[in-house]
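The values are calculated or read from the model by the stated rules, or taken from the named source; none is laboratory data. Computed from a predicted structure; not experimentally measured. A quick note on method: Cβ atoms are made from the backbone with ideal geometry, for glycine too, and the neighbour counts reach across all protein chains shown.
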Amino acid sequence: MLAAPGGSWPGLDGLAGGNVSVQADRNLLTPARRRQEIALGLLRALAMTVALVALYYLLPLDHIKNVPVTLSAGLLILLAVALVQLRAISKARYPAVRAVEALTATVPLFLLLFASIYFTMANTNPANFNTHPLTRTDTLYFTVTIFSTVGFGDITAVSQSARLVVTAQMLLDLLTLGLVVRAFVGTARLARQRAAPASAPNMPSGQARRQNDDTQ
């Protein structure tokens, strides 16, 4: 688990007061209501994934020609989404569930971004890949094989520009798995730790921990 420098994540210190009220709200919920909230969170995560995939197939990617600008803009959007998700996790009633939602939004967005870039490159210049034409499903499949490090070899990057983009994805795969996922999990854990003692300052630490576990 990635520990935050100095014991806290940037921007979270000012949220302690909000965490007190969040934990108080948790204590007012019945177990059935808590399970319902968790189920709704997981359904929202599933809906987010479906919506992102639908956008990938519906957006007019055929009209995109400038790959470097598109890739740069996509990465900036991805970074902004990740920062927004970190803040949302720190303020969430159920940080662990919110972290799952954040991953469900961020990881598919990352994969679909590169799938869109590969699709654009294949349409702009079929010589970028050894197989052509490539459909959106083909480029999504290709992106997932790179992300999972399977690499069947049925679709490969041929041109120098295509290989550079594939290399960028492989490097960012490591960042996504090694930093973003750990940051989400670490923020959720920190939010729970901050909320538990604030909600019951006079409660023994062991009992507070058990109460915190019941609310997750």
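Observations
- If you go through the range 111-131 and keep only what is in contact with a Ser or Thr (Cβ under 6 Å, 6 or more places away or on another chain) and assigned to a loop (DSSP other than H, G, I, E, B), you end up with just 130.
- Within the range 132-177, being in a helix (DSSP H, G or I), exposed (fewer than 15 other Cβ atoms within 10 Å of the Cβ) and of a type in the set (Val, Ile, Thr) holds for 137, 144, 167.
- Within the range 55-72, being hydrophobic (A, V, I, L, M, F, W, C), part of a helix (DSSP H, G or I) and either in contact (Cβ under 8 Å) with a residue 24 or more places away in the chain or within 13 Å of residue 109 (Cβ to Cβ) (or both) holds for 55, 61, 67, 71.
- The lone exception for residue 130 - which of (1) under 21 Å from residue 48 (Cβ atoms); (2) touching a residue at least 24 places away in the same chain (Cβ under 8 Å) it fails: (1)
- Residue check, residue 92 touching a Phe, Trp or Tyr at 6+ places or on another chain (Cβ under 6 Å) and either farther than 18 Å from residue 147 by Cα or surrounded by 22 or more Cβ atoms within 10 Å (Cβ to Cβ) (or both): no
- Only residues that are assigned to a loop (DSSP other than H, G, I, E, B) and basic (Lys, Arg) were counted in the range 89-105, giving 1.
- Boolean, residue 108 is at pLDDT 90 or above, within 14 Å of residue 52 (Cβ to Cβ) and part of a helix (DSSP H, G or I): yes
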